[in-house]
Amino acid sequence: MSSSDEITVIKVLMVCLGNICRSPTAHGVFQQRINSHNLQNRIMVDSAGTGDWHIGQSPDHRAASAAKARGYPLDDLRARQVQAADFHEYDYILAMDHENLSELKASCPEDCQHKLALFLSYSDREEEVVPDPYYSGDDGFELVLDMVEEASDNLLNELVRRHLN
Ligand code: 4NP
């Protein structure tokens, strides 16, 4: 997307596999960043999964408690699956890992492919992906939060630089 694109409200969709661990964490953290910069009228965030197993469910209790401990409430979020309309609705569709990105690329219309990216492309870390913590211990959820917090800070700065200055 070029800096000349006029977007009134920038819409960001965080995507993982189940929409119960990584993407709701990214949703909650980025929402907090939006709120703390008083940009609720200019940037909105949602999250979704490429899979359908957990539709309607609350975030995984381990993800929710790790996020809550850092001040990010996830309790009101409910899992949903990515749908065709999302590709037109959202301006930035950010995948947590390469599998998520491949799934998105396979179903995204050609004229919206430019909206797809890895979330960690906004991070300074060497790692390209947010590892799936579903089968990990508590450390996995802390690592997700570390990565998501850093990428959220950079993403917010980049959106402001590109669209809101
Ligand atoms: P997420 O984690 O993609 O970060 O929400 C997972 C949640 C559920 C499953 C896999 C990953 N699962 O296999 O049900």
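A compact table of results
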quantity: Positions within segment 145-165 being of a type in the set (Asp, Glu) and either free of Cβ contacts under 8 Å to residues at least 12 places away in the same chain or within 16 Å of residue 92 (Cβ to Cβ) (or both), in sequence order; calculated: 146, 153, 158
quantity: Close pairs (8 angstrom Cβ cut-off, 6 or more residues apart or separate chains): of a type in the set (Phe, Trp, Tyr) in segment 31-58, within 16 Å of the ligand (Cβ to nearest atom) anywhere; calculated: 53/18
quantity: Pairs with Cβ under 7 Å, 6+ apart, first in segment 124-144 and of a type in the set (Lys, Arg), second within 15 Å of the ligand (Cβ to nearest atom); calculated: 125/147
quantity: Of all residues making up segment 17-68, the number that are within 9 Å of the ligand (Cβ to nearest atom) and of a type in the set (Val, Ile, Thr); calculated: 3
quantity: Tally, over segment 50-73, of residues that are open to solvent by 80 Å² or more (accessible area, probe 1.4 Å) and small (Gly, Ala, Ser); calculated: 1
quantity: Candidates 121, 136, filtered to the one that is outside any helix (DSSP H, G or I), over 18 Å from residue 50 (Cα atoms) and polar (S, T, N, Q); calculated: 136
quantity: Qualifying residue in segment 35-49 (condition: among the aliphatic types (A, V, I, L, M) and either open to solvent by 60 Å² or more (accessible area, probe 1.4 Å) or at positive phi (or both)); calculated: yes
quantity: Test: residue in segment 74-82 that is at positive phi, within 16 Å of the ligand (Cβ to nearest atom), open to solvent by less than 20 Å² (accessible area, probe 1.4 Å) and in contact (Cβ under 8 Å) with a residue 40 or more places away in the chain; calculated: no
quantity: Residue match in segment 2-12 (condition: surrounded by fewer than 23 Cβ atoms within 10 Å (Cβ to Cβ), of a type in the set (Ser, Thr, Tyr), under 17 Å from the mean Cα position of the chain (by Cα) and more than 11 Å from the ligand (Cβ to nearest atom)); calculated: no
quantity: Some residue of segment 108-125 being within 14 Å of the ligand (Cβ to nearest atom), of a type outside the set (A, V, I, L, M, F, W, C) and exposed (fewer than 15 other Cβ atoms within 10 Å of the Cβ); calculated: no
quantity: Criterion violated by residue 148 - all others in (1) within 16 Å of the ligand (Cβ to nearest atom); (2) open to solvent by 20 Å² or more (accessible area, probe 1.4 Å) satisfied; calculated: (2)
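Here's the yes/no breakdown for (1) in a helix (DSSP H, G or I); (2) modelled with pLDDT under 95; (3) over 17 Å from residue 132 (Cβ atoms):
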site	(1), (2), (3)
62	yes, no, no
67	yes, no, no
72	no, no, yes
75	no, no, yes
79	no, no, no
87	yes, no, yes
101	yes, no, no
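The values are calculated or read from the model by the stated rules, or taken from the named source; none is laboratory data. Keep in mind it's a predicted model, so treat the numbers as computed, not measured. Neighbour counts run over all protein chains shown; Cβ positions are idealised from the backbone, glycine included. All accessible areas refer to the heavy atoms of the entire protein, side chains included, with ligands and DNA or RNA removed. Shrake-Rupley method; radii C 1.70, N 1.55, O 1.52, S 1.80 Å.
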